[in-house]
Structure formats: C-alpha cells, structure tokens
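Shown next, in structure tokens, is the structure this report addresses.
Readers should treat all values here as calculations from the given coordinates under stated rules, not as data from a laboratory. Note that the structure is a prediction, hence the values are computed from the model and not measured. Here the Cβ is made from the backbone with ideal geometry for all residues, glycine too, and neighbour counts use every protein chain on show.
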Amino acid sequence: MERHSGTESAQYLAAHNGNIRVSMDTLADTYVGQVSASYDDWNIGRTLDSLAADLLRKPTLAFPAMAITEYIWPIKWLLCHTVSTSRLSRLTLKIGKLMSSTATLEPVQMQIHAAAKELAERRAAGTSGDLLIPELRPTSFEQAFAIQQTVAAIYKANSNPIAAWKCLLPSAEKTVVAPIYQKDVYQQSATCPLYPSTKDLARVEPELAFEIARDLPPRATPYTEAEIDAALGHTRLALELIKSRYHTPSEATHFDALADGLVNQGLWLGPVLNPLAGLETSHFELSVNIHNGETLQKSAIHPNDFPKAGLYWLVNFLSAQGIGLTQGQYVITGSYAGVLDLPLNQHCQFHYGELGQFGLQFVAK
C-alpha cells in the first residue's frame with residue numbers, strides 16, 4: 001500500500017455509508033501527517049482517475065463544509081463522488097502517524113463558519129466593521145479561501161448563487177480569486193445601485209467581462225486555451241463595484257481581504273465589446289465625462305497585459321478544486337485603471353477607447 005505523506009497539517013473527515021467502511025489507526029483530535037488508502041488489493045490512487053489520485057496527494061480547497069483547517073483531505077467527497085459505491089465490497093482508508101495538537105475538528109469548523117457568517121452579514125447589509133478577532137482571522141490562502149467559499153455557500157442557501165468571478169494571474173505575493181453574487185450583478189441598467197464609500201462616492205474599476213456560454217465542469221485534465229475560448233460568449237465592457245467589509249482595509253492582510261471577497265460588492269455589465277477584428281484589448285485611453293462638467297482621463301493598461309490570461313488560469317484553478325464555471329456566468333480579470341471614485345446621482349459617460357462606450361448613473365443602495 002502506497003503512503004502519501006507530507007509535513008503540512010491536515011484534518012481527517014470520513015464517511016460511513018452503504019458499503020463504504022472507513023477505518024482509522026487512531027481516532028483523535030489531532031493533525032494528520034500521513035494518509036494511505038486501499039481498495040481490496042489495489043491502491044486507491046491507481047483505482048480512481050487521475051483527479052482522485054491527485055486529491056489524495058495534496059490538500060484541496062473546494063469544499064467549504066469540509067474546509068476545516070489550513071489543509072484538508074477531501075475523503076468524504078472522494079468516496080461519495082468519485083468512487084462508485086456499487087463497485088465496492090470493501091474499502092478501507094487509514095489515516096496514521098498522528099501528531100499531537102491542541103486543535104480539534106469542531107472548533108475549527110465553528111471558527112470558519114463564524115468568520116463567514118460575520119462577513120456574509122456585513123456584505124448583505126452593506127456595512128463594514130473591525131478586522132475579525134484574531135481567532136477568526138485567516139493566516140493562509142487555504143483558510144481564507146475556505147471562509148470565502150463558506151460565505152458563498154451561505155449566499156447560495158439564500159437563493160443568491162455565484163454569478164461571476166474576479167481573478168488575476170497569481171503572483172509570488174498573492175492569489176486573486178473571488179466570487180460575485182447574482183443579486184449584485186446588473187446588466188446595462190441606466191442606474192447602478194451600490195454602497196457608497198465613507199466619502200459618499202461610487203468606487204468602481206473599469207474591466208472587461210468574459211461570458212461563459214458553455215459549461216466548463218471540473219475534470220482531471222487541464223483545459224486548453226482553445227477549449228476555454230470555444231466555451232466563451234460575448235465580451236462586455238464592465239465595472240467592478242468596490243467596497244470592503246472592514247473599517248480600515250489598509251490594515252487588512254491579503255488573506256483578510258481574500259476571505260471577504262477582495263473588496264468586491266458587485267458587477268455592472270455594459271455593452272458588448274466592439275466587434276471590429278484586431279482591436280487592441282491590453283490597453284486603451286479611458287475617459288469618463290461627468291454631468292457636472294468634470295472629465296477624468298487615464299491611460300488604461302491591463303495588469304496582466306493579456307486580459308484572458310487570468311481567465312485561463314481561473315478555469316483550471318477552479319477545476320482543480322472541484323469547482324466548475326457554468327453557462328451565463330462572467331469572469332473579470334483585472335482593473336485597467338485601479339479604483340475610480342465617482343459622484344453619485346450624476347450621469348457618467350465612459351469611453352473605453354475604440355472598445356466601446358456606455359453611460360450610467362450611480363445611486364446609493
């Protein structure tokens with residue numbers, strides 16, 4: 001039997017149903033250092049497809065209900081969704097070499113849910129507050145993503161599923177990925193409702209939004225750029241709507257911001273990109289003409305140069321976490337000009353160079 005071991009900490013989670021039998025070397029509220037699995041005489045990593053085998057070798061972030069510590073082994077999901085239970089006469093999973101720890105399963109679950117509940121309530125009310133108490137603040141990408149996805153689960157349970165994603169190519173310093181919710185997405189509306197800043201201004205970022213026209217479900221092998229391109233629909237001029245759920249976002253770490261959805265409060269979808277072939281989308285001259293006579297002008301440059309770069313990364317990142325993109329969702333991949341602070345109740349006419357233009361008015365929720 002092959003053993004997969006590592007220095008990263010993990011918590012066990014197991015299922016007991018049907019013909020599935022799970023056995024543990026020791027049942028204890030401790031971190032797990034090694035994991036091994038077998039089905040009759042076959043190593044489970046060879047019995048399952050490559051995605052399942054990969055899940056046994058490394059932590060995954062896709063399942064907020066099970067995202068109970070810095071790293072998790074998705075045993076329950078693996079059994080319930082990857083292995084056909086009708087084929088199993090005997091399945092044994094062993095988790096061994098337990099290392100002592102004061103952390104227990106239930107408190108960690110409670111901490112993640114408590115953090116997510118607080119941030120979800122702030123988002124729903126359009127309010128902000130102090131940084132989370134130290135016990136609830138994430139200190140790693142894995143913890144932050146677990147909180148973020150638990151917020152998404154809370155929203156989905158309240159009929160507000162994910163309708164879009166924001167992303168950027170990851171760097172050595174940070175990974176940018178966050179969901180945007182259905183009730184916070186507006187398409188070509190004359191007015192755009194949002195929660196204003198403390199200075200009573202609308203905070204927005206100029207972006208392009210890529211429509212997912214065909215489902216891209218999670219799978220074992222990475223999607224090619226050609227496959228992703230074939231699944232895309234329209235590209236729209238767009239504005240990301242910005243608001244932090246922290247009073248002092250400058251004091252928040254990247255993990256704090258990630259847990260909170262990276263200061264997103266919504267998305268405004270504008271007209272379809274000018275269909276003229278060969279248009280440059282990596283940069284353009286941005287101008288915003290405001291009804292009060294002011295004009296804002298900026299040289300707009302995409303942070304990744306190629307706007308689809310983040311999209312290609314996102315599809316395969318989410319797929320590796322067991323998360324798919326579905327028809328009708330949109331993906332934005334980075335602001336061309338940082339955050340713009342614009343007045344409420346004034347018509348604003350945006351010009352994205354040759355890519356197109358649109359007008360709207362920001363109103364306070």
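Checking residue 127 against (1) in contact (Cβ under 8 Å) with a residue 60 or more places away in the chain; (2) surrounded by fewer than 17 Cβ atoms within 10 Å (Cβ to Cβ); (3) under 18 Å from the mean Cα position of the chain (by Cα): exactly one of these is not met. Which one?
(3)
Given the options 338, 359, 353, 328, name the one that is closer than 18 Å to residue 234 by Cβ and surrounded by fewer than 20 Cβ atoms within 10 Å (Cβ to Cβ). Reasoning before the result, please.
Working: 338 fails: closer than 18 Å to residue 234 by Cβ; 359 fails: closer than 18 Å to residue 234 by Cβ; 353 fails: closer than 18 Å to residue 234 by Cβ.
Selected residue: 328, the only one of 338, 359, 353, 328 that is closer than 18 Å to residue 234 by Cβ and surrounded by fewer than 20 Cβ atoms within 10 Å (Cβ to Cβ).
If you go through region 306-323 one residue at a time, do you hit one that is surrounded by fewer than 16 Cβ atoms within 10 Å (Cβ to Cβ) and not aromatic (Phe, Trp, Tyr)?
Scanning region 306-323, I find no residue that is surrounded by fewer than 16 Cβ atoms within 10 Å (Cβ to Cβ) and not aromatic (Phe, Trp, Tyr), so the answer is no.
Go through region 218-244 and give me each residue that's in contact with a helix residue (DSSP H, G or I) (Cβ under 8 Å, 6 or more places away or on another chain) and not hydrophobic (A, V, I, L, M, F, W, C).
218, 219, 221, 222, 223, 225, 244, listed by residue number.
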